[in-house]
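Peer 1: Here's a structure for you.
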Amino acid sequence: MVDSNQNGAQRAELEYNIMVKWDHYMLLQIKLFTGRHHQIRAQLAHIGIPIKGDLKYGAQRSNPDGNILLHSYHIKFKHPVKDEWISHYALPREANPLWDLTRLYFLNSKPNTSDKPNYY
């Protein structure tokens, strides 16, 4: 994206796995190691995988509702006061055929985690 020697450059790291491949789309599992502004959008676009509907980062067309198909299915963080791990799962609720396939995928598979998922 930018040369690490460039003035003001900051490390931006993520890891991704392809969970499912459909005809024209993929469901990715992304693990962030840093949290830069638009990091997921920019890094996926850089490797030729723009997010569906994300015109700013290379998608061919927008979605009818103007949203991009980026969703946080699982978030885990350490509580700043209690020093306990907090973990939440959420399936996408928007009406969209790809979100329908995503919900089916997650409801028919076990998450790759030791936490017991609570779907919202």
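Peer 1: Are any residues in the stretch 47-78 under 18 Å from residue 90 (Cβ atoms) and aliphatic (A, V, I, L, M), and if so, which ones?
Peer 2: 51, 68, 69, 70, 75
Peer 1: Based on what the data block shows, is residue 112 at pLDDT below 90, part of a loop (DSSP other than H, G, I, E, B) and closer than 27 Å to residue 12 by Cα?
Peer 2: Answer is yes for this residue.
Peer 1: Restricting the search to the stretch 13-46, which residues are out of contact with any strand residue (DSSP E or B) (no Cβ under 9 Å at 6 or more places or on another chain) and over 17 Å from residue 105 (Cα atoms)?
Peer 2: Those that are out of contact with any strand residue (DSSP E or B) (no Cβ under 9 Å at 6 or more places or on another chain) and over 17 Å from residue 105 (Cα atoms): 35, 36, 37, 38, 41, 42, 45, 46.
The values are calculated or read from the model by the stated rules, or taken from the named source; none is laboratory data. Since the structure is predicted, the reported quantities are computational estimates derived from the model, not experimental observations. Using ideal geometry, Cβ is built from the backbone for each residue, glycine included, and neighbour counts are taken over all protein chains shown.
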